[in-house]
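Report on the structure given below.
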Ligand SMILES: CC(C)(COP(=O)(O)OP(=O)(O)OC[C@H]1O[C@@H](n2cnc3c(N)ncnc32)[C@H](O)[C@@H]1OP(=O)(O)O)[C@@H](O)C(=O)NCCC(=O)NCCS
């Protein structure tokens, strides 16, 4: 029996658990600091808080962090890796992923996601439902590409940046680190680090 622990008993966590079952993980336990007040997350039980997960790492064949906030997910993943966690990559069976792609530990690719040839995705990334990442894109660690967002070829997205639902990014555009791209934005020129870009075409706020 392959045992998976998921840190973060959120709605996103339920999607990770559901995807994990489809990927063959047979036993799934959540951990969340809302425990013991909260004891379940949808169909799955919460077994303890984040400190108890760190103590119990050796019991699990894999550990994932399902926290939507990119900064927090990145920090928690690093803590777990330093504690010796084994961290898998999760790819939904309906995702279409080129064999010529590199994906870092702890990244999750959900239903209908497409990742084309020669892309590089860092650790702890979320490639959400039906997001499309075209050829030669380079995504940093702990990025989140939201449902239905589309990156054209050769796009770069820096560490911990979030591309909102339904946003589109023109080919070869470079988005910095810690950026938020708003829902539905059309990004047609480079975006520097640590800012918010919204609208069509996207403007920095
Ligand atoms: C961009 C975003 C982060 C801003 O959130 P916020 O700081 O709470 O912003 P507010 O809702 O207070 O809106 C502030 C202003 O920005 C505008 N605005 C907000 N989001 C916008 C968007 N995506 N596109 C265009 N304008 C937007 C609002 O209309 C408002 O305008 P006003 O000042 O003229 O009234 C958020 O609206 C967004 O798009 N998040 C992405 C959601 C997403 O992708 N979810 C998927 C999760 S899997």
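Read-outs: derived from the displayed coordinates by stated rules, not from any lab. Just so it is clear, the structure is predicted and the values come from calculations on it, not from any experiment. Cβ atoms come from the backbone with ideal geometry, glycine included; neighbour counts cover every protein chain shown.
The sum of -39500 (n - 2.57) across all DSSP H runs of n ≥ 4, divided by the residue count of the chain, sets its helix-only mean residue ellipticity at 222 nm to -4500 deg cm²/dmol. Among rounded, prolate and oblate, which fits segment 106-195 when a ≥ b ≥ c are the square roots of the eigenvalues of its C-alpha gyration tensor, a/c under 1.5 means rounded, and a/b larger than b/c means prolate? Rounded is the answer for segment 106-195, as its axis ratio a/c remains below 1.5. Distance between the 7 Å Cα→Cβ label points at residue 203 and residue 59: 5.4 nm. Note on residue 120 and residue 43: the extension gain reaches 24.4 nm, defined as 0.36 nm multiplied by sequence separation minus the Cα-Cα distance.
To check you understand DSSP bridge types, tell me what percent of the beta bridges within the chain (both residues inside) are antiparallel, rounded to 5. Present the calculation step by step, with values, prior to reporting the outcome.
Working: 4 of 46 bridges.
So the antiparallel bridges in the chain amount to around 10 percent.
When only Cα pairs below 8 angstrom with a gap of at least 6 residues are kept, segment 60-108 shows a relative contact order of 41 percent.
Neighbour counts of C-beta atoms inside 10 Å place 38, 14 in the sequence 38, 14, starting with the fewest. How much FRET efficiency would the formula 1/(1 + (r/R0)^6) give for residue 190 and residue 50, where r is the Cβ-Cβ distance and R0 is 41 Å, rounded to 0.05? Calculated transfer efficiency: 0.65. Which residue fluctuates most in the GNM of the chain (Cα springs below 10 Å): 172, 64, 151? Evaluated over the chain, the most mobile residue of the options is 172. Note on the chain: with a GNM built from Cα contacts shorter than 10 Å, the maximum mean-square fluctuation among 134, 37, 194 falls on 37. Using a ≥ b ≥ c from the Cα gyration tensor of segment 77-119 (square roots of the eigenvalues), is it rounded, prolate or oblate, where a/c under 1.5 gives rounded and otherwise the larger of a/b and b/c decides, a/b for prolate? Verdict is prolate for segment 77-119.
Could you tell me the relative contact order of the chain? Use alpha-carbon pairs under 8 Å, at least six residues apart, and round to a whole percent.
11 percent
Before anything else, pin down the relative contact order of segment 7-83: Cα pairs under 8 Å, at least 6 apart, normalised by residue count, whole percent. Answer for segment 7-83 is 34 percent.
Which shape class applies to the chain: rounded if a/c is under 1.5, otherwise prolate when a/b exceeds b/c and oblate if not, where a ≥ b ≥ c are the square roots of the Cα gyration tensor eigenvalues?
Details: a/c = 2.06, a/b = 1.72, b/c = 1.19.
Prolate.
If you take every DSSP beta bridge fully contained in segment 1-113, what fraction is antiparallel? Give it as a percent rounded to 5. Around 15 percent antiparallel, to the nearest 5. For the chain, the longest principal axis of the Cα atoms and the long axis of helix 11-22 meet at an angle of about 80 degrees.
Spin-label model, residue 27/residue 71: points 7 Å from Cα along the beta carbon direction are separated by 3.7 nm.
On C-alpha positions alone, give me the angle between the axis of helix 70-82 and the longest principal axis of the chain, in degrees, nearest 10. Once rounded, one gets 50 degrees.
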